[in-house]
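Before any comments, here is the structure.
Bear in mind that the values in this text are calculations on the coordinates, not laboratory data. Only a predicted model underlies this, so the values are computations on that prediction, with no experimental measurement involved. Cβ: placed from backbone, ideal geometry, glycine included. Neighbour counts: every protein chain shown.
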Amino acid sequence: MQRRPNNQFLIEILNDYESGTSYKQLQVKYNVSQRAIARYLTWAREINKRSIIRVVEVDHSQQRYDTVGDWQWINGCLEIKVSRTSDQRYSYLLALHEMIEAILCRYAGISEADVDIFDVNYIGIGEPGDHEQCPYRQQHKFALSFEHCLSQELKVNWAEYEKEIDSL
């Protein structure tokens, strides 16, 4: 009987698969059989059922709309998708921002639907969360303050970070 790989490895395979990597590509990347990939994906999905927060890096084109960070509550789990960038620290910053924003919105009674409707229909300069009519503006600003703090600790040049994010 095959030994079960560690959870981090299994989630990595699931993230690859959900980001559009085919079974064949997974076989080559991880040097395992198609049957092993199927088994690993099953195990990874079992792990995900127990997760409360899940973060996935995706190609920008796979976002639901033109955004670099997106969150949804799915079966009680906070699912965060961040656009893939040139620097993994940027992904951490995006994920932290989305996590804080989503949790604060939930506890302030601001629905995911209200956030999505505002974001999708936003026409303006800058981020939707910065607009004074934004229903989650306070939560966005609070999340942004944590994003700034973490960027300083990670030695991220904020101007370079914003430039890349804006270019996606």
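Near residue 23: Cβ cut-off under 11 Å, other residues only, Lys/Arg at +1 and Asp/Glu at -1. The net charge is +2. When Rg and the Kirkwood Rh are both derived from Cα coordinates, the Rg/Rh ratio for the stretch 1-50 amounts to 0.93. Highest mean first, the peptides 137-144, 154-161 sorted by other C-beta atoms within 10 Å per residue fall in the order 137-144, 154-161.
Local charge for residue 131 was computed over the other residues whose Cβ lies under 13 Å away, with Lys and Arg +1 and Asp and Glu -1, and equals -2.
By how many degrees, 0 to 90 and rounded to 10, does the Cα axis of helix 112-121 deviate from the longest principal axis of the chain? Between helix and principal axis, roughly 70 degrees. With neighbour counts taken as other beta-carbon atoms within 10 Å, the residues 11, 52 rank, fewest first, as 52, 11.
Comparing the stretch 68-115 with the 2.2 N^0.38 Å rule of thumb, its C-alpha radius of gyration ratio is 1.17 (two decimals).
Would you please calculate the Kirkwood hydrodynamic radius of the chain over all C-alpha pairs and express it in Å, rounded to one decimal? Walk me through the intermediate numbers first.
Numbers: mean 1/r = 0.0575 Å⁻¹.
Over the chain, the inverse of the mean reciprocal pair distance is 17.4 Å.
Put in order of Cβ neighbour count within 10 Å, fewest first, the listed residues 16, 66 become 66, 16.
When every Cα-Cα distance of the stretch 78-168 is counted in 10 angstrom steps from zero, the calculated P(r) takes the values 16, 49, 32, 3 percent.
Multiplying the residue separation of residue 64 and residue 86 by 0.36 nm and subtracting their alpha-carbon distance yields 5.8 nm. Computed on the chain, with alpha-carbon pairs under 8 angstrom and 6+ residues apart, the relative contact order is 16 percent.
Residue 116: net charge of surrounding residues, Cβ under 10 Å, Lys/Arg +1, Asp/Glu -1, itself excluded? If you can, show how the numbers build up before the last one.
Details: positive: 64; negative: 70, 112, 114, 119.
With Lys, Arg at +1 and Asp, Glu at -1, the neighbours total -3.
The listed peptides 21-32, 94-105, ordered by packing as a protection proxy, come out as 94-105, 21-32 (highest mean of other Cβ atoms within 10 Å first).
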